[in-house]
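Just below is one structure, and these are the notes that go with it.
Just so it is clear, none of the values below were taken in a lab; they were calculated from the coordinates. Worth saying up front: this structure is predicted, and the values here are computed from it rather than measured. No Cβ is skipped: glycine too gets one built from the backbone with ideal geometry, and neighbour counts run over all protein chains shown.
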Amino acid sequence: MKKNYSLFVCFLLLFSITSFGQTDIRENRHVFKFDISLSECNFDGTLITPANSKVMEKDWKFRVRNIVNDGKDYVIQISEFTDGSPESIAQNALTYQKSTSENIYFKISSSQYLSFAEELKRRGSFVVGASTTLIKIRPGNGKDKNDADVIYSEFGNDFNIGITAGWRVNNYKDNVAVSIVGGIGFSSIKVTPQTTRDFITSESSQSAITFSGGLIFEVEKFQISTFVGIDTMSGEIGRNWIYRNRPWIGLGFGYEIFKPQGKIENKNP
């Protein structure tokens, strides 16, 4: 059983590392914060001749199609205007796609991007993340201390790590988000003679599978999470553990790994 738990922990860590590494600016949509004049270019970043510049307006959306010059420049494509008006059709021919169905690209430097654009976060999106709970509060059963079945409340900081998935609601202008998530994880829990009704004679640590659900609050890059969960411990010790199948309340932190985006288009020029 310990071997299986070790493999489970390794899987969680590997999943977290590989998923985090998948972040790529080309996977997301972006929006201009201010007007900016950019030069038309080819997909490889070379400027077209004769030179052709266009003003990209605030709130226009775009995607990064290529990264050139060792990450110093981005090749972008403006999203299609989709309201069907003559103005939109004319604008698409200038900034989205030529009449020959050839895509139109523009070059923006990474420093210009930081000053004039930002990632466009949808108001709602699916998220997958890794999380850990710093503090677990295990409520007691409220019985009198002289009762043989009394269970006292316990504050713990057991080692734990898990995977969460859920739905995130953003207010990207204020950099605030709330996620409703559920997850599964691994915990290493301290057990004592008192918490096993003297089934064991000395303190030890036992492995458990954790099922949880909760909320993650994010402001800027800071995240704090609140969870409710249950630890499932196997074996005879698990069957004698007084907190078996009893919910806990937790506080902790987490970091976002992967957030897929839906199709986003410009509505009008």
(Q) Check which residues have an amide H placed less than 5 Å from A130's amide H, if you skip close sequence neighbours. (A) T164, Y255, I257
Q. Simple spin-label model, 7 Å along Cα-to-Cβ: I249 to I180 in nm?
A. 2.0 nm
Q: Would you kindly state how much longer the chain becomes between V150 and V68 on full extension, computed as 0.36 nm times their sequence separation minus their alpha carbon distance, in nm to one decimal?
A: 22.9 nm
Q. Going through region 137-230, which GluC sites (Glu not before Pro) have at most 14 other Cβ atoms within 10 Å and a DSSP loop state?
A. E203, E220
Q: Give me the distance in nm between label points sitting 7 Å out from Cα along the Cα-to-Cβ direction at D198 and T46, one decimal.
A: 8.6 nm
Q) Taking the Cα centre of region 89-195 as the origin and placing charges on Cβ (Lys, Arg +1; Asp, Glu -1), which of T95, I163, V127 is farthest toward the positive end of the dipole? A) T95
Q | In order through region 200-213: 3J(HN,Hα) via Karplus (6.51 cos²θ - 1.76 cosθ + 1.60), integer Hz, x for Gly, Pro | A | 10, 9, 8, 5, 8, 10, 10, 7, 8, 8, 10, 10, 8, x
**Q.** Calculated FRET value between N103 and F126, using beta carbons and R₀ = 30 Å, to 0.05
**A.** 0.60
Q.
I need the trypsin sites (Lys or Arg not before Pro) found in region 43-148, filtered to DSSP loop residues with at most 12 other beta carbons within 10 Å of theirs.
A. K58, K72, K98, R123, K143, K145
Q) Under a plain spin-label model, where a point goes 7 Å from the Cα along Cα-to-Cβ, how far apart in nm are V169 and L215? A) 0.9 nm
**Q.** Other-chain or far-sequence residues with amide H under 5 Å of E80's (modelled H)
**A.** N266
Q) Using modelled amide H (1.01 Å from N, peptide plane; none on Pro or chain starts), what sits under 5 Å from the amide H of D158, excluding residues fewer than 5 places away? A) K136
Q.
Please list, in order along region 154-160, the HN-Hα scalar couplings obtained from phi with the Karplus expression 6.51 cos²θ - 1.76 cosθ + 1.60 (θ = phi - 60°), rounded to whole Hz, x for Gly and Pro.
A. 9, 10, x, 9, 4, 5, 7
